[in-house]
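The values are calculated or read from the model by the stated rules, or taken from the named source; none is laboratory data. These numbers come from a predicted model, not from an experiment. Please note: Cβ atoms are built from the backbone with ideal geometry, for glycine as well, and neighbour counts cover all protein chains shown.
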Amino acid sequence: MKPIVLFILFNFIFAQTVHGQAKKKDTSKITRWQYLLKLIEEEEKTINMVRRKTDHLLYRQFELMTEKIKLYKEKENHAFLEMSSKGKKITRKKAFTQTLNRYEKTRKFGIKLLKRYPRTRYKAAIYHTLALNSRDYAYDKRELRYLRLAIQSARKKSEIWYLSMTSLAEYHYNNKNYKNAVSIYNQVIDNTDDEWHTKNLYNYGWCLLKTHKFEKAITSLEVGYKLSFETKYIDFREQIMQSLVSFYVIGKQIKRGINFVMKYDKTPYTALARFARKTSEKGFFDETEQLIDLAQDNFDPKEKIEQLADLRLFQFDFYNQYKREKKLFNIAKELTVITLNDYQKEEAIRKISAKSRDEQIIIKKDFDKVSSSYDVARLSSLESYFEFLSVLDVKNEAMYRFFTAETLYSVKEYQRALSSYKRALETQMKTPSQMDLNKKAVDGIFSSIEFSQFPKEREKDELVYAYTKFLQLWPKEKKAFVIHQKLFAIYLSRKDHKNMEIALSALIKNFPKKGETHRKLFKQRMDLAIKQDNAYLLASLVKTMQVGKFGFPKEETKKAEVILANLLFGKFQKLNREGKTEEAIAGYKQVFFNNHYPKSVKSEAGFNIGILYTDLNDSAKSVKWFKKTFPLFNNKEKKIKRVFLEKMAKRSALLQDFLNAAHIQRLVLDNFCHTKKQNIANFQQAISFDLANDYVLRSLHTFKSYKKCVEDTTATEASIISHLFRNGHSGDLFSFVEDYKLSQKHKKVLVDYYERLFWKNFSDKGSRNSIGKYIKALHDPELNAMLTGVKEYLVTKDALEDLLESPIELGEVFNPQKFNVDLNNRISQFAKLTQRQGELLSIGNPQLSLFVYDQLALSLSALASEIRNYHPQGVPKEMAAQFSKQMNIVAATFSKQSQSNLSSSERFMHKYELLSPNSRKLTTGNGILDVIQLRMPASIMANTFDLEK
Amino acid sequence: MNVIKSLLLLALFSSCAHKGLEKSLHSSRLDGLRHESLNRYTNQDLEGLKGAFKSIALCHKGRYNEAFSQFKQDLDTNQNNPVYWNHLGTCYYLKGEYPKALIYLEISMKLTKKKKLLAAVYNNIGLVHLKQGNLPEAKASFKLSISNDKYAKTPRYNLAQLYLSRTNFNSAKQILEKLASQKPNDVDFNYSLGHLYLMKKQYIKALSKFDRIPEQYRKRDDVALNLATTFHLMGKHEEALKTLDSAPKTTSNFALQQVELRKRIEQKLNK
């Protein structure tokens, strides 16, 4: 017995050690395993050293072999588990090869031992070991036989007999031969020395239960439970209580059970909870509730939180099973607030999810499609369950929201469904759930919007949301192309420029090759800006076009610039029409100085300022602005503006502002000097407008500076020459002709002008000589002849005057002969001179001829007067009278000739409609008239012709 | 003494020179060019003008700034109106800005299709040339004016004045006598003929013309000078002096000549 006990103890210790070892890491177990193996083998070796082994030694060897089996079983089991965990499949036979071999070997050894020593004292023990080996290692169904043999071999009531009997009872129990097991247990159950008595009572109890001996079964377990308190027994309380609660329920002795648990279980919660589960399974509602209440009052303080959660989870199933909806709901709600560990949380989620699914199905089934009616309360509960799930399973909150939405949608609660879909989507986007529901949620949103029948604006709001989310998630998907446009369309309908811009930018980013669509939308926005009269925005859009962002052709950009300008300028033009020109100018200036507007618009604004200043007759500012803005235009625009400027110049001239008109034409020439063929009118006007103000120096400067800008300056030269002559700028005329060597080019007109200037300034010798030089430069034969004639005229005139200034002196004593001679000589000289003068008439110059006639008339008249005034001194009266008579006759002849010349002069003038030069003194033959020089002032007397018919 | 008197008179005349010759006629019966020219309208007559003639009337009154302002305002509705441009050009002529006057008159000339209006424009162009001393151009313009409207009196009158000033008395006589026959009461027609006959030493004829002029206009400086000269040359020295005394002497040109004439008459009387 002792060896057996020792053996058993050794085994136990060994097992515990091995088991304890098993807890350590693999490397230390193997080491430990090897060590143990080594011990065994060493002992075997020692035994084998004995040649003649007794049954004792052989039995010991048998025990060692049994231990080895255990070792190998552990090793191979470990390997088997490892392979299984890696997914490698292997049969048990292959996995435990060494174990089985060693088992067989040990079995044979044992049998051999028995054969060799048939009456050995170890016989029962050997059979018992063989039975346990068969049970634990081989599964070769030899256990029963060996146990029976062990029992047969053992002395009744011996330890080995007891052990074999209990093993046999266990065998029957395990093989569900409960009756046999009971029968065996009845024989051994009274053995209270066995530390395993509590276990035996446990098994016994089970067998009794299985044989429907509930009372005895309960009692057996109760005894076992109580005995477990004692240290000499194995503590089987946990297992017993686990089964006991079932026994109470099966045996319908719940109250007894409650009492027992409350009496004996120091921490009754576990038992009560289990009890409650059992009563619940068996349909004891009230009892279960009672147990729940008790359990609730008996939490283990160290595990209260966990136990509470477990209890609630159980209650959930309980109420669900018994259809106590309200209580179920409350439990579900409570689960969201109490603390749950991971497993409990999973359980809660699973349970509530299952409940939710069931509710969903019911709602869907009960939904009346005709009347669209459903169980409102159920739906409300379901929504709450999804809420609870959201709380419990935060990472899948989106999914639950989605389920809520789906449920609402299924009962046609579209608006509510929409809210839920939105929440689901929002949540999903922040915290993605296990379910990929973006697409589904978005589809749900679209569908809900469609069916919700919102008022228009509200619908737009929702669509904006839906489109935005869609694009956020799938910006480049095929459908997104249309969505982008739809979103844009909504913003367009709302005149929301800010968002239109964002929408369009997004479209461009995601569909960069769809230029035509980009432009289409951009134009829609632009059209809106135009409709809204929003010039500032339109300016931004035009700038965008100009930088080429949308690939608009230049013509379209230009068109947009024109529209912008019209929009901007429309109000200014209105102000101008209302007479508020200064305000209009201020408005244009604001545009010009604002860099927000495109260059073309700014330059148009500046140009318009110039035009307005023209209307205000502010030449300086007008030209200043034209000069400022003209360089801002491109070449094509400049050409268009040129036409405008030319019109402005014309307008200025018509508005009597020739200064401004001239400035403008010079501006045109400054910018278009290279277009010589087109510049002639500009050149002519630039000069003629300055000449209109009689700004001679300026116009000459203009001529000098800009003549390079035209091909032919002939016409302009002619205009300048005419102006200089007609306005009395003879000095400038001569200089101009000299500087540009125009004598021959404009000879015809210069011949006339120079001659007229000559006669106009005839009385001043210096001017006459100076003009004479310019006349000679013309190389005109007629004018040269005139100059020669004038020279001769002046010489003969002086000679005549000299002659007339020295009359005959009669002296104190009159000498008639001498007087006659002197008189004749004098008359001869006079006649020669007058003849020379008379010859000048053949030159044919009208003005010279007039002077000649005048001179002849004057001279003849003077001579006649002289002759008439000769009165001799110291002669008799008669002689004096006779002398006077003769002299009068002579004088009369000359007077007559003088008159004749006057008449000829008059006839000459009348015949050729001559206009005598300014320098021609009146010669009437009348002293008073010739002195007073009475002339009609034609320029004063002449009248305007105003009253046209 | 006489020298001092002359100098004093000269100073007086110089100060009054700006006034010019007062040509206005207070009776339309005395104005043979009434229906063509505003030159001899009184201010009262000019005030009564309206519509298209308002601006030109202002010019004749010397209110040029007002007139030009009005012209500017009326531009847009009158850009193609030759009458407008004729008036504007005439206005600048009256103001003395001859280059501008010519520019606008030429615009009118190019725009007008009516011969009668063209006659008016040519006449006014002639005036500009006449003022600038460009006599051949003035003569040509007056002749063009006459050729476009042979019944118009103003250009013929102006041409006669040109001839007179240039001592082409025979050419002037032909025109003036015809004008006088059409409008025998016109002051300046009679005055011009009186001057012409005076210059041709036909004093009786000259006097007969001066006598047709009403008393108030005979006192005009230029008329008085010519009349006094006629009296003097006819030996009616006292009457000559009386005529000179009645003259206002506001026009410097004539005033100086009046001084000279007075001197001669007094010399003669002293003799």
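What the table below lists for this structure:
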| item | result |
| --- | --- |
| Unmet criterion (only one of (1) surrounded by fewer than 19 Cβ atoms within 10 Å (Cβ to Cβ); (2) at pLDDT 95 or above) for A:Thr431 | (2) |
| Matching residues in segment A:756-784 - criterion: being part of a loop (DSSP other than H, G, I, E, B) and either within 14 Å of chain B (Cβ to nearest Cβ) or touching a Ser or Thr at 6+ places or on another chain (Cβ under 7 Å) (or both) | A:Asn761, A:Phe762, A:Ser763 |
| Candidate set from segment B:124-134 (those that are assigned to a helix (DSSP H, G or I) and surrounded by fewer than 24 Cβ atoms within 10 Å (Cβ to Cβ)); member that is farthest from the other protein chains (Cβ to nearest Cβ) | B:His129 |
| Residue count, segment A:41-75 (criterion: aliphatic (A, V, I, L, M) and not in a helix (DSSP H, G or I)) | 2 |
| Residue match in segment B:99-115 (condition: assigned by TED's automatic domain parsing to the domain that holds B:Glu66, hydrophobic (A, V, I, L, M, F, W, C) and within 20 Å of B:Asp188 (Cβ to Cβ)) | no |
| Pairs with Cβ under 8 Å, 6+ apart, first in segment A:896-908 and assigned by TED's automatic domain parsing to the domain that holds A:Ala864 and of a type in the set (S, T, N, Q), second in a helix (DSSP H, G or I) and surrounded by fewer than 17 Cβ atoms within 10 Å (Cβ to Cβ) | none |
| Selection status of B:His35, facing another protein chain (nearest Cβ under 9 Å) and in a loop (DSSP other than H, G, I, E, B) | yes |
| Qualifying helices (runs of 4 or more DSSP H) (wholly inside segment A:76-170; at least 2 residues being of a type in the set (A, V, I, L, M, F, W, C) and loosely packed, with under 13 Cβ neighbours inside 10 Å) | none |
| Qualifying positions in segment B:87-129 - among the polar types (S, T, N, Q) and within 16 Å of A:Ala942 (Cβ to Cβ) | B:Thr90, B:Asn123, B:Asn124 |
| In segment A:798-814, residue surrounded by the most Cβ atoms within 10 Å (Cβ to Cβ) [restricted to those that are assigned to a loop (DSSP other than H, G, I, E, B) and aliphatic (A, V, I, L, M)] | A:Leu810 |
| Every residue from segment A:286-324 that is among the β-branched types (Val, Ile, Thr) and within 18 Å of A:Val249 (Cα to Cα) | A:Thr288, A:Ile292 |
| Criterion (assigned by TED's automatic domain parsing to the domain that holds A:Lys558 and not in a helix (DSSP H, G or I)) met by exactly one of A:Asn576, A:Asn595, A:Asn608 | A:Asn595 |
| Test: residue in segment A:537-559 that is surrounded by fewer than 21 Cβ atoms within 10 Å (Cβ to Cβ), in contact with a His (Cβ under 7 Å, 6 or more places away or on another chain) and not small (Gly, Ala, Ser) | yes |
| Those residues of segment B:99-118 which are within 7 Å of chain A (Cβ to nearest Cβ) and crowded, with 19+ Cβ neighbours inside 10 Å, in sequence order | B:Pro99, B:Lys100, B:Ile103, B:Leu117 |
| Answer from B:Leu233, B:Leu207, B:Leu261, B:Leu227 - the residue that is away from chain A (no Cβ under 13 Å) and more than 28 Å from A:Tyr912 (Cβ to Cβ) | B:Leu207 |
| Evaluation of A:Asn727 against (1) over 29 Å from A:Leu669 (Cα atoms); (2) polar (S, T, N, Q); (3) surrounded by 15 or more Cβ atoms within 10 Å (Cβ to Cβ) (one fails), failing number | (1) |
| Answer from A:Lys707, A:Lys621 - the residue that is surrounded by fewer than 18 Cβ atoms within 10 Å (Cβ to Cβ) and either modelled with pLDDT of 95 or more or out of contact with any helix residue (DSSP H, G or I) (no Cβ under 6 Å at 6 or more places or on another chain) (or both) | A:Lys707 |
| Any hit, segment A:177-190, residues being within 30 Å of A:Thr120 (Cα to Cα), assigned by TED's automatic domain parsing to the domain that holds A:Leu294, surrounded by fewer than 20 Cβ atoms within 10 Å (Cβ to Cβ) and of a type in the set (Gly, Ala, Ser) | yes |
| Complete set of residues in segment A:648-658 that are at pLDDT 90 or above and under 20 Å from A:Gly606 (Cα atoms) | A:Ala649, A:Lys650 |
| Top-ranked residue in segment B:154-194 [being within 24 Å of B:Glu22 (Cβ to Cβ) and either touching an Asp or Glu at 6+ places or on another chain (Cβ under 6 Å) or of a type in the set (S, T, N, Q) (or both); ranked as farthest from the other protein chains (Cβ to nearest Cβ)] | B:Asn185 |
| Those residues of segment A:655-687 which are under 22 Å from B:Gly89 (Cα atoms) and either touching a strand residue (DSSP E or B) at 6+ places or on another chain (Cβ under 9 Å) or among the polar types (S, T, N, Q) (or both), in sequence order | A:Gln656, A:Asn660, A:Gln684, A:Gln685 |
| Flag if A:Leu757 is farther than 26 Å from A:Lys627 by Cα and crowded, with 21+ Cβ neighbours inside 10 Å | yes |
| Leading residue by the ranking (farthest from the other protein chains (Cβ to nearest Cβ)) among those in segment B:240-251 that are in a helix (DSSP H, G or I) and either touching a residue at least 12 places away in the same chain (Cβ under 8 Å) or buried (at least 16 other Cβ atoms within 10 Å of the Cβ) (or both) | B:Ser246 |
| Extreme residue, surrounded by the fewest Cβ atoms within 10 Å (Cβ to Cβ), among residues of segment B:71-98 that are facing chain A (nearest Cβ under 10 Å) and acidic (Asp, Glu) | B:Asp76 |
